[in-house]
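As C-alpha cells, the structure follows; a few thoughts come after it.
Values quoted throughout were computed directly from the atomic coordinates according to the rules given, and no laboratory measurement underlies them. Source: prediction; values computed, not measured. Using ideal geometry, Cβ is built from the backbone for each residue, glycine included, and neighbour counts are taken over all protein chains shown.
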Amino acid sequence: MKNAKRQRLLHQHEEYFARMKHEISTCDAIAFRLDAPVTPELYLAALSHGFFPWNDESEPRTWWSPDPRAVLFLDEFHISRSLAKFMRNHEFTITYDEDFSGTVTGCADRDSTWLDAELIRALKRLHQLGVAHSVEAWYDDRLVGGVYGLSLNGMFIGDSMFFRKTNASKVVLVHLVKHLRECGYLAMDCQILNSHTQAFGARDISRDDFYKLAKQLRRRHDQEGKGAWLER
C-alpha cells in the first residue's frame, strides 16, 4: 500500500514538473517557487525534470533549471599536478556511504544554506532508498570532508561538498569521479558552474543540450543498465 501511494504521489509530481519544464522554457525563465513540502517523491520528480532546490533558509523554496547548466563530462575530468602529488601521499581514509547524514550536515554547516531540516529529511530518506550517496574523508577517526549527490536515470547529480581539513573535499571528489567511471556513468550534473568545479573540467552547456543529454543517459541506463551506483 505504501509503495502504491508513493508511486501515485511520484506520478502527480512528475506531471507537475513536466508542465513547469515546458512553461519556463517557453517564457525563458530559470526558476520558480513552490510552496509545498519537500518529500522524497517531490524531490525525485523535480530532479527527473532538471530542477533542483537552491535558496537561502529565509527565502521560499525555489526550484531552478538554469540556462546554461554546469556539467562535468567524466572523460574531461582533470586535476592539477599539485593535487596529483597530494593524492599519492594524503593520510585520509576514504569511505563510501559510511556517514551520509554527517556529510549532509557538514555541507549544511555554513552561514547561508538551502539545506534546511525538511530538505535534509528528504535526502536521508532518499539515501535509505538507495538514490542518494556520499563519499567521505576521515582523519584521526574524524569526518573532515565529504561530497554527496543523487543517482538518477544514468546521471549523477552532484549536490554539495564540504571540508574541515585542507584538500579533503578535492580528494573525495577525485574518488567520487573514479567510482562513477567504474559504475559506467558518463556525466555529472554540477548545476551551477563555480571556480572549484571548473578547475576539474566542468563546463556550461545550454539547457536544451542538458535535457538532450539527460534523455540520452536515461535511455542508455534503461537499455544497457549503465550509470547505476554500485556498492563498495
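What longest range of the chain stays clear of loop-exposed GluC sites (Glu not before Pro) (DSSP non-H/G/I/E/B, at most 13 other C-beta within 10 angstrom)?
92-230
If all Cα-Cα distances of the chain are sorted into 5 Å bins from 0 onward, what percent lands in each bin, rounded to whole numbers?
1, 6, 13, 18, 21, 18, 12, 6, 2, 1, 0
Within a Cβ distance under 14 Å of residue 144, other residues only, what is the Lys/Arg minus Asp/Glu net charge?
Charge balance near residue 144 sits at -3.
Which of the trypsin sites (Lys or Arg not before Pro) across region 50-119 are loop residues per DSSP, with 12 or fewer other Cβ within 10 Å?
In loop regions of region 50-119 (DSSP not H, G, I, E or B), the sparsely surrounded trypsin sites (Lys or Arg not before Pro) are 110.
Residue separation times 0.36 nm, minus the C-alpha to C-alpha distance between residue 26 and residue 82: what's the value?
15.6 nm
Can you give the % of DSSP beta bridges in the chain that are antiparallel, to the nearest 5?
Roughly 95 percent of the DSSP beta bridges within the chain come out antiparallel.
For the pair residue 181 and residue 141, what calculated FRET efficiency results from E = 1/(1 + (r/R0)^6), where r is the Cβ-Cβ distance and R0 = 35 Å, to the nearest 0.05?
Approximately 0.75, to the nearest 0.05.
Applying 1/(1 + (r/R0)^6) with R0 = 22 Å to the Cβ-Cβ distance of residue 223 and residue 98, what FRET efficiency is obtained, to the nearest 0.05?
E between residue 223 and residue 98, to the nearest 0.05, is 0.10.
Determine ³J(HN,Hα), in whole Hz, for all residues of region 28-41 in sequence, where each value follows from phi through the Karplus function 6.51 cos²θ - 1.76 cosθ + 1.60 and θ = phi - 60°; x replaces Gly and Pro.
My calculation for region 28-41 gives 6, 8, 10, 7, 8, 9, 9, 8, 8, x, 8, 9, x, 5 Hz in order.
Residue 211 to residue 91: FRET efficiency via 1/(1 + (r/R0)^6), r the Cβ-Cβ distance, R0 35 Å, to the nearest 0.05?
0.25
Given points 7 Å out from each Cα along the Cα-Cβ axis, report the residue 36 to residue 194 separation in nanometres with one decimal.
2.8
Looking at this model, which pairs from 165/215; 85/212; 170/215; 124/178 are more than 32 angstrom apart at the alpha-carbon?
Too far apart for the 32 Å limit: 165/215; 85/212.
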